[in-house]
Every structure is written in C-alpha cells, then in structure tokens.
1. So how many residues does the stretch 244-270 have that are closer than 16 Å to residue 397 by Cα and not hydroxyl-bearing (Ser, Thr, Tyr)?
2. Of 314, 273, which residue is touching a strand residue (DSSP E or B) at 6+ places or on another chain (Cβ under 8 Å) and modelled with pLDDT of 95 or more?
3. Please report, ordered by residue number, the strands (runs of 3 or more DSSP E) entirely within the stretch 199-318 with at least 2 residues that are more than 22 Å from the chain's Cα centre (by Cα) and surrounded by fewer than 19 Cβ atoms within 10 Å (Cβ to Cβ).
Amino acid sequence: MAETKQVLVPDIGNFEDVNVIEVLVKAGDTVNAEDGLITLETDKAAMDVPSPFAGVIKEIKVKAGDRVSQGSLILLLEGGTAPDVPTAAISGVAPQILKNNDEAASPVGAGQARDQAVRGHGPLLQKTLPPLQDTVQPSLQNMEASQQPKAHASPAIRRFARELGVDLTQVKGGSAKGRVTKDDVQSFVKAALAQPRGAADSSLQISAMPEIDFAQFGPVETKPLSHIQKISAANLHRNWVSIPHITQFEEADITEMEVFRKQLGTEYAAQGIKITPLAFLLRAVVEALQQFPAFNASLDASGENLILKKYFHIGVAVDTPDGLVVPVLRDVNQKGIVQLAKELADISGRAREKKISATEMQGGCFTISSLGGIGGTAFTPIINAPEVAILGVSRAGVKPVHQYGEFAPRLMLPLSLSYDHRVIDGAAAARFIIYLAKALADVRRLAL
Ligand code: CAO
C-alpha cells in the first residue's frame with residue numbers, strides 16, 4: 001500500500017519566513033515527480049517547490065499568504081517511491097526525511113520545529129515525534145540538476161513574463177532542466193535591451209553598460225535594489241524605450257480651487273479627512289478623459305487597434321520606502337472630491353505599509369504622479385503601459401499673471417502630460433491639457 005509522506009520546504013538558502021505566493025495543487029490532485037507544488041517568493045527571486053515523487057495529494061497544509069521556512073510542512077503526499085527522480089534527489093536531503101506524526105501545525109510552527117531538525121537537531125526531533133508518516137523534503141538544487149523533459153515555468157513566472165511582454169518560449173531556463181526562473185526572465189530582458197540589433201532591425205542599438213569597479217575611485221557600499229525597485233526598473237525601462245513619449249506642459253490657475261479646497265479642508269478636518277489638490281485633480285482628469293476618449297485607452301497586443309475603456313480607474317503613483325507603487329482608484333467618475341480624498345489617504349497609507357493587494361494595482365486607465373507635496377517646477381513622467389498617458393503634477397506657486405490689463409498674483413499649478421505619440425497627436429494632447437487646466441480653474445465645473 002502506498003505510504004503517505006510529509007513534504008517539507010527544502011533548503012532555500014538563507015531565507016526565513018518566505019511568502020507563499022501560490023499553491024499550485026489541491027487535495028486529490030495526482031502529481032508527477034518534479035511538478036510544482038507551491039511558489040515561494042523572496043525579495044530576490046520566486047521559485048517553485050517541486051514534488052519529490054509522483055503521487056496523490058492527500059492534504060494541503062499551506063495557503064497563499066502563509067510564510068514558511070526550510071522544513072515547513074507543505075502537504076501530505078501519498079505515493080510510492082519516486083521512479084522519475086534519482087534516489088539522490090530525495091536521499092540527498094536525508095536529514096529532512098523524518099519519521100513524523102501528522103501534526104496539524106501552522107506552516108511556520110511546523111517549519112520552526114523542522115528548522116531545528118535541519119540545523120543539526122534532527123535526531124532529537126525524530127525521537128520526540130511518533131513515526132506514523134514519512135516526511136520528505138524535496139531539494140530544489142537536486143530538482144534543478146535532474147532530467148526534465150521540457151522547459152517549464154510556474155504560473156507566477158509566466159505572469160511575470162507576461163507583464164514584461166516576454167515570450168517564455170524564447171527564454172532559456174538557467175537550470176539543466178530548463179526550468180525558467182524569475183532571474184532567467186530578468187536576464188532575458190536585460191540581454192534583449194542591451195543587444196545591438198542588425199541594420200534591418202529598426203529597434204534601438206543599445207551598447208552594453210560598461211562594468212566598472214567603482215572601488216578604484218573611492219570607498220563604496222553595495223546595496224541591493226528592493227523587490228519593488230527591481231520590478232519597476234524593468235517596467236520603466238521597457239516603457240521608456242518602447243513608447244515614443246512626448247511631454248506637454250501647462251499651468252492651471254488654481255487660485256479659486258485652493259480657496260474652495262481650504263474651506264472643504266476646514267469642514268472635514270474634524271472627521272479626519274485631509275483634502276489635498278490631488279482629489280480635485282482626480283475629478284478633473286476624469287472629466288478630461290470623458291472628453292478625450294483616446295486618452296482612456298490602450299493599444300491591443302497587435303498594436304493595430306485601440307481599446308477604448310468605458311470605465312475610469314485612475315492610478316496614483318505613491319512613493320514608499322521600498323520604491324514606487326501605483327494603486328488604482330476605481331470608478332473615479334462616480335465619486336465626489338471628499339470620497340476621493342478619503343480613498344486616496346487610505347490607499348496611499350496602505351501602499352506605504354505594504355498592505356495593498358495585487359488586484360488593487362490592476363486595471364488602471366491613466367496615472368497621476370504628483371510630486372506637488374515635495375516641490376519642483378516640472379518633470380517628464382514615464383507612461384505606465386499599457387496606458388497611453390500620464391499626468392505629472394508639480395508644486396503650485398504664486399505667479400504674476402497678466403489679466404484684464406494688469407498683473408495679478410495667481411496660484412499656478414504646473415502640469416506635465418506625457419503621452420504615447422503612436423496613439424495621441426500633439427494637438428490632441430494640447431487640447432487635453434488645456435481642457436484639464438480649465439476644469440481646475442473653474443471649480444464649479446468639478447462640483448457638477
Ligand atoms: N502644490 C502645492 N502643494 C501641494 C501640492 C501641489 N501640487 N500637492 C500636494 N500639496 C500639499 C498638500 O496639500 C499637503 O499640504 P499640507 O500638509 O499643508 O496639507 C502637502 O503638500 C503634502 O501632500 P501629500 O503629498 O501628503 O498628499 P498628496 O495627496 O498631494 O499626495 C501621494 C499623495 C501619495 C501621491 C504622495 O504622497 C506621493 O507619494 N507622491 C510621490 C509620487 C511619486 O513619487 N511620483 C514620482 C514618480 S516618477 O514618475
């Protein structure tokens with residue numbers, strides 16, 4: 001009769017409390033040796049934990065969002081020996097194959113016990129737990145080294161590749177088995193961007209960045225980029241080199257808007273609601289998007305059709321300690337300024353506390369990047385593809401404006417609209433930004 005064995009998180013380097021981002025199987029599934037069971041993500045990489053042998057999943061002990069370490073219990077797997085896996089792949093992790101009871105421990109709890117086992121207290125643990133089931137801890141290293149019929153990648157990696165527009169069939173898995181990892185995808189993108197193209201190819205000819213040992217010039221310190229920075233770096237680079245950007249500037253006279261904003265601010269301060277110019281900008285942008293539908297659109301994959309969106313979800317760039325994130329406010333056209341101010345405070349606060357879900361960062365039609373709280377006169381934001389335009393907002397300042405035959409002090413808000421010139425003409429962009437400035441100058445319009 002087939003035995004039920006516990007499958008544990010294998011050696012994952014020095015990482016502790018690693019995030020389970022996906023459970024790839026469910027109870028009752030039949031799996032082959034090497035099939036991915038769960039996907040783990042550290043701030044350095046995402047990796048699948050493979051099944052150590054073929055069998056039937058009896059019970060899953062982790063869920064997405066759990067944190068696990070080496071030795072944490074993943075699931076119970078019923079099966080025989082592992083015909084497809086060299087014995088070494090399992091026996092190579094002998095310290096983690098424990099005769100063990102089926103404890104209904106939390107992944108971290110079970111993991112802590114097994115962490116001790118793999119750090120040299122194995123015999124102690126084996127003695128204290130009755131031998132009802134075998135525990136098998138698959139080895140990522142061994143799994144990478146053994147034979148694999150065809151290259152494959154986890155759903156998380158496929159999603160990551162899709163986000164970057166990478167065709168996975170073109171990516172060579174770094175391991176002998178051809179398993180494509182996040183690093184492989186990132187290297188592929190870097191290589192593709194750095195590679196000089198043939199004369200017939202109209203793409204950019206980018207020479208490779210020289211490798212320089214800066215220590216030869218003075219003391220240095222190496223600080224790894226955060227996970228968010230790495231992801232946004234790849235996206236920003238892709239968007240910067242693949243979209244023909246133009247940035248159109250304008251200043252909006254927000255003198256009256258500011259009076260109204262301060263009045264609202266006083267009224268709502270007691271309820272703890274802070275109303276910044278951004279809430280007005282969200283409303284004004286939606287009005288402009290309704291007026292100019294090409295700005296509320298995306299090119300389809302063929303690049304031959306424009307998908308015009310009938311919904312108005314606006315992304316807001318939020319500066320967090322770990323890098324830039326863009327949570328999305330939904331159905332902005334259906335919300336008033338006070339409601340938007342509340343949602344903005346909530347979503348930007350949660351973004352800074354890393355409490356934003358992936359879903360809350362999807363579905364944006366247009367992005368606003370406001371540096372108004374910090375300063376500066378203008379900047380050229382990079383379009384958040386597949387969107388076709390982004391609005392940069394700088395700090396408002398009082399300026400002398402010539403009106404009715406004399407100069408008057410007016411509060412002017414600098415706006416920078418970057419747009420995809422494949423989709424939007426310069427004239428349309430100028431019309432859009434002027435419309436936007438007028439909407440901001442006349443708060444009665446926004447109140448409608
Ligand atoms: N002009 C003058 N003052 C402004 C202003 C502007 N354009 N925008 C905001 N302010 C004021 C606010 O009214 C507030 O003043 P008080 O503290 O006196 O009330 C202060 O500046 C701080 O505002 P804030 O930045 O906290 O709030 P916000 O709603 O303007 O912005 C958020 C929220 C999340 C967008 C912002 O905090 C942020 O993270 N911005 C950075 C975005 C970024 O990094 N973009 C660059 C990406 S590269 O394309």
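1. Number satisfying all stated conditions: 12.
2. Residue meeting the stated conditions: 314.
3. 245-253, 306-308
The values are calculated or read from the model by the stated rules, or taken from the named source; none is laboratory data. These numbers were taken from a predicted model, which means no experiment stands behind them. Using ideal geometry, Cβ is built from the backbone for each residue, glycine included, and neighbour counts are taken over all protein chains shown.
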